1. Pick from region 33-44 the residues that are surrounded by 11 or more Cβ atoms within 10 Å (Cβ to Cβ) and among the hydrophobic types (A, V, I, L, M, F, W, C): which of them is farthest from SER61 (Cα to Cα)?
2. Anything in region 121-137 that is among the hydrophobic types (A, V, I, L, M, F, W, C) and open to solvent by 60 Å² or more (accessible area, probe 1.4 Å)? List them, or say none.
3. GLN118: surrounded by 12 or more Cβ atoms within 10 Å (Cβ to Cβ), outside any strand (DSSP E or B) and without any contact (Cβ under 8 Å) to a residue 60 or more places away in the chain, yes or no?
4. If you check GLY47 against the conditions, is it small (Gly, Ala, Ser) and touching a helix residue (DSSP H, G or I) at 6+ places or on another chain (Cβ under 9 Å)?
5. Do you know which residues across region 1-32 are β-branched (Val, Ile, Thr) and either modelled with pLDDT under 95 or surrounded by 13 or more Cβ atoms within 10 Å (Cβ to Cβ) (or both)?
6. I'm trying to understand the selection: among the residues of region 84-115, which are closer than 28 Å to ASP16 by Cα and part of a loop (DSSP other than H, G, I, E, B)?
7. Any chance you could count how many residues in region 50-67 are in contact with a Ser or Thr (Cβ under 7 Å, 6 or more places away or on another chain) and either open to solvent by less than 60 Å² (accessible area, probe 1.4 Å) or of a type outside the set (Lys, Arg) (or both)?
8. Consider ASP16 carefully, then state whether it is in a loop (DSSP other than H, G, I, E, B) and acidic (Asp, Glu).
Amino acid sequence: MTLTIRVISPDKTVWDGPADEVILPSTTGQLGVLSGHAPMLTALDIGVMRVRAEKNASWQSIALGGGFAEVEEDEVTILVNGAQRGESINLEEARSEFNAAQTKINQVPAGDRQAQIQATAALKRARARFQAAGGMV
């Protein structure tokens, strides 16, 4: 049996199809889902979701902007703030954004809590895009 995976962002459906396995970036760590998984609702962090559509196929990566996932009866519905498939991300642009985000986070004044939160979120988004594009393993 296979899973039906749907990744839905506010502006588009990024993935809608069968898969044998999915790994989600939950707020408590990586979460793997196979056919027959118990019903569940979980919060997702900014990170990379990995999908394997067929048993011997390669993994496909999707950068997620945080959201929620529901697993019920071999259907996985993922509602996220933003998502982008790895193959549609330019690797060099993603690398440049990641390096810029790393530089910016190191320049935030220690007492500016709001700026630290924003810089950390920007770094997580940049890292997720870079990883999904194949820049980091």
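The values are calculated or read from the model by the stated rules, or taken from the named source; none is laboratory data. As the structure is a prediction and not an experimental result, all values here were calculated from the model. Every residue, glycine as well, gets a Cβ built from its backbone with ideal geometry; the counts of neighbours run over all protein chains shown. To get the accessible areas, we keep the full protein, side chains included, count just its heavy atoms, and leave off ligands, DNA and RNA. Shrake-Rupley method; radii C 1.70, N 1.55, O 1.52, S 1.80 Å.
1. Initial filter on region 33-44 (surrounded by 11 or more Cβ atoms within 10 Å (Cβ to Cβ)): 33-35, 37, 40, 42-44.
Okay, now just the ones that are also among the hydrophobic types (A, V, I, L, M, F, W, C), so 33-34, 40, 43-44.
Working: VAL33: 15, LEU34: 17, MET40: 22, ALA43: 19, LEU44: 15 Å.
Among them, the one singled out is MET40.
2. Hit for region 121-137 is VAL137, nothing else.
3. Taking the combined requirement at face value, the residue satisfies it.
4. When the stated conditions are applied, GLY47 passes them.
5. THR2, THR4, ILE5, VAL7, ILE8, VAL14, VAL22, ILE23, THR27, THR28
6. Answer for region 84-115, where residues must be closer than 28 Å to ASP16 by Cα and part of a loop (DSSP other than H, G, I, E, B): ILE89, ASN90.
7. Looking only at region 50-67, we keep the residues that are in contact with a Ser or Thr (Cβ under 7 Å, 6 or more places away or on another chain), and these are 50.
If we keep only those that are either open to solvent by less than 60 Å² (accessible area, probe 1.4 Å) or of a type outside the set (Lys, Arg) (or both) as well, we get none.
Total meeting the criteria: 0.
8. no
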